[in-house]
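To keep things clear, I will list the structure first and then write my remarks on it.
The values are calculated or read from the model by the stated rules, or taken from the named source; none is laboratory data. Everything numeric here is computed off the predicted structure, so don't read it as measured data. Backbone-built Cβ (ideal geometry, glycine too); neighbour counts: all protein chains shown. For accessibility, only protein heavy atoms count, side chains too; no ligands or nucleic acids. Shrake-Rupley method; radii C 1.70, N 1.55, O 1.52, S 1.80 Å.
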Amino acid sequence: MQQTARGFREIYATQTLVEGVETVRVYQAYNEQIASSAAAANSFARPRDAGIWKETRMTWIKPSAAWMAYRCGWTLFKDKNQAKVLALELDRSRFEALLMHAVVTDDMPTSQVGTFKSKPVVVQWDPERELDPTLGADHEVKNQGSASAAPYLRKTEHIRSLQVGMRGEASAMLLDPTFVRRITDVTEQFRVAHAALAAGDRAAAVVALCPEERQLDVSKELREALRMDALAQGQAASSSAALAHEQD
C-alpha cells in the first residue's frame, strides 16, 4: 500500500510504552557532564543539584531525530555543549496538554513579535531534515564549526518539524518523573547513523536513527492550537528568525 504523503505541519515521533504509560520521545543535546549525570540518575535532579543544569534556563525539545542530528552536528561537528544526545520519553497526555498552551511563533504578525518572550511554552515549525548520503565529506570540511556543520542532512521546505521551547514553569516540568518517564543517552545511535550515511547506506542509517518515528494523531483542538493546518510556506512571513533561541 502506498504511504500517505507527510503533511506540511505534522508531529512525527517515536511513541512507546514506559511502565504502561504511553510516551512520546523528544531529544536534547548537552555536554558530556550533564548528559552522563541525567542519564545515570534517570533525572535532571542530579545535574541540577550539582549546579550544572538549571530549570530556570529556557530549553528546547524536538521529536525529530534528524532535526536533532542537524542541530548538534551528529554530536561530532559542533561544540562540546552538544557532544551528547539524550532521548526523553515524555508522558504523552501531559505533553499534549503542555502543547495546548503553546504560543506558535510562525505566521505571527510583525506587530506581535517579541510578545511571546515571557510565555512558558513556544512552538516553532522549522524545516525538517531528511537523511541524504549524497551530502558528503566535503560538506563536513567546508562547514566545520559553523551552524550548518551537519553533513548528510537535506533541508525540506515542504515539511516542517516541531520545536518546543520551554521556560519557567514549563522547563521545571523536566524535573517531574511522572512527566519525563525515562532519560536515555542515545549518542551512539546518532554516530552509527552518521557512519552509515558516510558509507552510502541510507537504510542502515534510518534503522539506527529513527526506525519507529510515526505520525502522532492529535485532537482537533491541539491541531488548531499548534496551527497544524495552516497553509504551506509563503502564506505569511514567519517570525521564527526573530526568536533568539538558545536550543539545547
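Only one residue in MET58, MET100 is touching a helix residue (DSSP H, G or I) at 6+ places or on another chain (Cβ under 7 Å), open to solvent by 70 Å² or more (accessible area, probe 1.4 Å), closer than 20 Å to ALA170 by Cα and among the hydrophobic types (A, V, I, L, M, F, W, C). Which one?
Numbers: MET58 fails: open to solvent by 70 Å² or more (accessible area, probe 1.4 Å).
On inspection, the qualifying residue turns out to be MET100.
Residue pairs whose Cβ atoms lie under 6 Å apart, sitting 6 or more positions apart in sequence or on different chains, and linking a residue in the range 182-194 that is in contact (Cβ under 8 Å) with a residue 24 or more places away in the chain to a partner that is open to solvent by less than 20 Å² (accessible area, probe 1.4 Å) and not hydrophobic (A, V, I, L, M, F, W, C), are ARG182/GLU89; THR187/THR75; PHE190/THR75.
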